[in-house]
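Just below is one structure, and these are the notes that go with it.
The values are calculated or read from the model by the stated rules, or taken from the named source; none is laboratory data. These figures come from a predicted structure and were not determined experimentally. Because the Cβ atoms are built from the backbone with ideal geometry, glycine has one as well, and the counts that use them run over all protein chains shown.
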Amino acid sequence: MPQATIKEAVTKKLSISPSKLQKFEVDYEKKIVKVISSKSNNQEIEFTFTSFLDLGKIQTTIKNGRSYTNIKKIKKTIAKKMGVNQDELKEFDVNTNDTGTVHSTKFSGTLAFKFSSNDTK
C-alpha cells in the first residue's frame with residue numbers, strides 16, 4: 001500500500017490536511033503508522049492498518065461442478081493496480097476464500113488481496 005494512500009486515510013480520519021502533519025512514519029512490517037499533528041497537541045498518535053487490495057469481481061469458470069479461478073486475470077489486475085509488471089509478482093498464492101497473497105521486487109512485505117467470484121459456465 002503506497003504511503004500516499006495511508007497518509008490520505010490518516011488525514012481523513014483526523015480531519016486535517018496533509019500539511020498539518022509534523023511527523024508521518026509508516027512501519028510496513030508492524031503495520032503501524034505514527035503521526036504527530038497540531039490537532040493532537042503535538043502528541044504522537046499510533047494507528048494500525050491492514051492492507052487488502054480489493055480486486056473487485058474476477059471471472060471464474062465452472063466445469064464438472066468445480067469452480068476454477070482465472071489466475072492470469074488476478075495477476076493482470078494486481079499488476080495494473082500496483083503499477084508493476086506481472087513477471088515482478090512472486091510467491092503468488094490464491095486460496096478458496098477468494099483471497100490471497102503475493103510478494104514483489106517492487107514493494108516491501110506481503111500484499112494481501114481479495115476478490116469476488118463471478119461464475120460463468
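The table that follows gives values for the structure above.
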| item | result |
| --- | --- |
| Tally of residues being loosely packed, with under 14 Cβ neighbours inside 10 Å and assigned to a strand (DSSP E or B) across the stretch 81-98 | 3 |
| Yes/no for T60 being over 30 Å from F24 (Cβ atoms), not assigned by TED's automatic domain parsing to the domain that holds E25 and not hydrophobic (A, V, I, L, M, F, W, C) | yes |
| Residue in the stretch 28-41 that is under 13 Å from K114 (Cα atoms), modelled with pLDDT of 85 or more and outside any loop (DSSP other than H, G, I, E, B) present | no |
| Out of T61, T50, T5, T69, sole residue that is among the hydroxyl-bearing types (S, T, Y) and either modelled with pLDDT of 85 or more or buried (at least 16 other Cβ atoms within 10 Å of the Cβ) (or both) | T69 |
| Residues that are part of a strand (DSSP E or B) and among the polar types (S, T, N, Q), drawn from the stretch 1-27 | Q22 |
| Count of the stretch 90-121 residues which are over 16 Å from F52 (Cβ atoms) and either hydrophobic (A, V, I, L, M, F, W, C) or touching a His at 6+ places or on another chain (Cβ under 9 Å) (or both) | 2 |
| Matching residues in the stretch 99-111 - criterion: being under 19 Å from T5 (Cα atoms), surrounded by fewer than 16 Cβ atoms within 10 Å (Cβ to Cβ) and not small (G, A, S) | K106, T110 |
